[in-house]
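What follows is one structure encoded as structure tokens, with my remarks underneath.
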Amino acid sequence: MPDGTTPAHSRPSEDATASTPRPGQTHFVADVSQTPVAVVDKVDESAPASSLWRDAWRDLRHRVLFWVSAALILAVLLVALFPGLFTSVDPRFCELRNSLGNPQSGHPFGFDRQGCDVYSRVIYGARASVSVGVLTTIGVVLLGGLMGALAGFYGRWFDTILSRITDIFFAIPLVLAAIVLGQVFSEGRTVLNVVAVLTVFGWPQVARITRGAVMSVKNNDYVTASKALGASRLSILGRHVIPNAAAPIIVVATVSLGTFIVAEATLSFLGLGLPQNVLSWGHDIATAQSSLRTNPSVLLYPSVALALTVLSFIMMGDAVRDALDPKARKR
């Protein structure tokens, strides 16, 4: 060209220039045998299969909080199931000459105003309180889990209807509703009556947690693969969605168990919970409030037993939540 420029078609491309070695440089291409990519990317088939639950247990067993709460829960369950192993004194045997008596041999916590052994009443009172908490939690998980799972999985108008029903029950305070129904069914109250009342008004929280967990799981690849293989929607919900959405449900159920124990004690304290012939920590606390100034230990022991039981379930819920949360888990 007259102006000394190089034609566009004869100008070397940038890629060619970049690939051309400069003076003193040479290309080196490693042999395939020297690049063991297959070994680097190979999966260790001898290692045990990992899962969310396996990783959670590996994390839980190194947490002090988990073992402390597990020991407390185990102790409470043993006391509730086998109270005769811890005391041989009849909790209903009372002598007025022992009224507000000090601790003595065989009676480490002393006596209440009616002359009943406080220690034996604390031991036998665990059965009713724990039974109400466990049975109510089971009922709440079944009812709330079913409502939340159906709403989150099917969606659309079904989700709209169930969500509005949940909002209605969520707006009603649990203890207030239980007090009103306790007044209605004041005659013939039983443990099952209290469980039914707490279940009817305690399921909305579990339903909301379940709905959110199911909605986050139902669009995963394994659910899509099950649909492509022709599995029914109910089968997918029961075999794939619910098991993989169970982690937050377990956490909220563990914490709620302690909440329902407190609710039962509150109702019994107000005289609207369990009948008077059933031994309960709430009844003992209500009876001991008249002795608060003269003999506070009568009120202290059932209150401490109630507080430790609720605290153990709350600590267990915190430990399980941290272990099942992949973002919070330390790897």
> Between residues in the range 97-124 that are farther than 20 Å from Gly282 by Cβ and residues that are among the basic types (Lys, Arg) and at pLDDT below 85, which pairs lie under 8 Å by C-beta distance while being six or more apart or on different chains?
Replying inline: Ser99/Arg113; Leu100/Arg113; Gly115/Arg97
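With respect to Val241, is the statement that it is touching a helix residue (DSSP H, G or I) at 6+ places or on another chain (Cβ under 9 Å) and either under 25 Å from Val132 (Cα atoms) or surrounded by fewer than 20 Cβ atoms within 10 Å (Cβ to Cβ) (or both) true?
In short, no.
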> Hey, Ala228 hits all of (1) over 30 Å from Ser129 (Cα atoms); (2) hydrophobic (A, V, I, L, M, F, W, C); (3) open to solvent by less than 60 Å² (accessible area, probe 1.4 Å) but one; which does it fall short on?
Replying inline: (3)
>> If I filter the range 135-179 down to residues being closer than 30 Å to Leu77 by Cβ, open to solvent by less than 50 Å² (accessible area, probe 1.4 Å) and hydrophobic (A, V, I, L, M, F, W, C), which single residue comes out as nearest to the chain's Cα centre (by Cα)?
In response: Val141
>> Please go through (1) of a type outside the set (A, V, I, L, M, F, W, C); (2) open to solvent by 60 Å² or more (accessible area, probe 1.4 Å); (3) over 17 Å from the mean Cα position of the chain (by Cα) for Gln205 and return the number of the only condition it doesn't satisfy.
In response: (3)
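For every residue, the table says whether it meets (1) part of a helix (DSSP H, G or I); (2) touching a Gly at 6+ places or on another chain (Cβ under 6 Å); (3) closer than 25 Å to Leu279 by Cβ.
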{"position": "Leu142", "(1), (2), (3)": "yes, no, no"}
{"position": "Ile172", "(1), (2), (3)": "no, no, no"}
{"position": "Val175", "(1), (2), (3)": "yes, no, yes"}
{"position": "Val180", "(1), (2), (3)": "yes, no, no"}
{"position": "Leu192", "(1), (2), (3)": "yes, no, yes"}
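Condition (residue is closer than 19 Å to Ser163 by Cα, aromatic (Phe, Trp, Tyr) and in contact with a Pro (Cβ under 9 Å, 6 or more places away or on another chain)) applied to the range 195-207: is it met by at least one residue? Before the answer, list the steps.
Taking the range 195-207 first, the residues closer than 19 Å to Ser163 by Cα are 199-207.
Still in the list and also aromatic (Phe, Trp, Tyr): 201, 203.
Okay, now just the ones that are also in contact with a Pro (Cβ under 9 Å, 6 or more places away or on another chain), so 201.
Looking through the range 195-207, at least one residue is closer than 19 Å to Ser163 by Cα, aromatic (Phe, Trp, Tyr) and in contact with a Pro (Cβ under 9 Å, 6 or more places away or on another chain).
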>> Which pairs turn up if I take residues in the range 73-89 that are free of Cβ contacts under 8 Å to residues at least 60 places away in the same chain and look for partners that are among the aliphatic types (A, V, I, L, M) and open to solvent by 100 Å² or more (accessible area, probe 1.4 Å) with beta carbon separation below 8 Å, at least 6 apart in sequence or on another chain?
In response: Leu78/Leu85
> So, in the range 84-121, of the ones that are part of a loop (DSSP other than H, G, I, E, B) and among the aliphatic types (A, V, I, L, M), which residue ends up nearest to Leu300 (Cα to Cα)?
Replying inline: Leu100
> What number of residues within the range 165-188 satisfy the criterion of being closer than 22 Å to Pro248 by Cβ and of a type outside the set (A, V, I, L, M)?
Replying inline: 4
>> So if I check each of Ser280, Ser216, Ser312, Ser256, which one is under 25 Å from the mean Cα position of the chain (by Cα), open to solvent by 60 Å² or more (accessible area, probe 1.4 Å), modelled with pLDDT of 85 or more and among the small types (Gly, Ala, Ser)?
In response: Ser216
> Which helices (runs of 4 or more DSSP H) does the range 216-331 wholly contain that include 3 or more residues that are among the aliphatic types (A, V, I, L, M) and either in contact (Cβ under 8 Å) with a residue 24 or more places away in the chain or farther than 30 Å from Arg113 by Cβ (or both)?
Replying inline: 221-228, 246-269, 297-324
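Listed here are the residues, each with its yes/no results for (1) under 25 Å from the mean Cα position of the chain (by Cα); (2) open to solvent by 100 Å² or more (accessible area, probe 1.4 Å); (3) of a type outside the set (Phe, Trp, Tyr).
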| residue | (1), (2), (3) |
| --- | --- |
| Asp55 | yes, no, yes |
| Asp59 | yes, no, yes |
| Ala70 | yes, no, yes |
| Leu77 | yes, no, yes |
| Leu81 | yes, yes, yes |
| Val89 | no, no, yes |
| Pro103 | no, no, yes |
| Gly110 | no, no, yes |
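The values are calculated or read from the model by the stated rules, or taken from the named source; none is laboratory data. These figures come from a predicted structure and were not determined experimentally. All Cβ positions, even for glycine, are placed from backbone atoms using ideal geometry, and neighbour counts span all protein chains on display. Remember, those area values only see protein heavy atoms, side chains included, never the ligands or the DNA or RNA. Shrake-Rupley method; radii C 1.70, N 1.55, O 1.52, S 1.80 Å.
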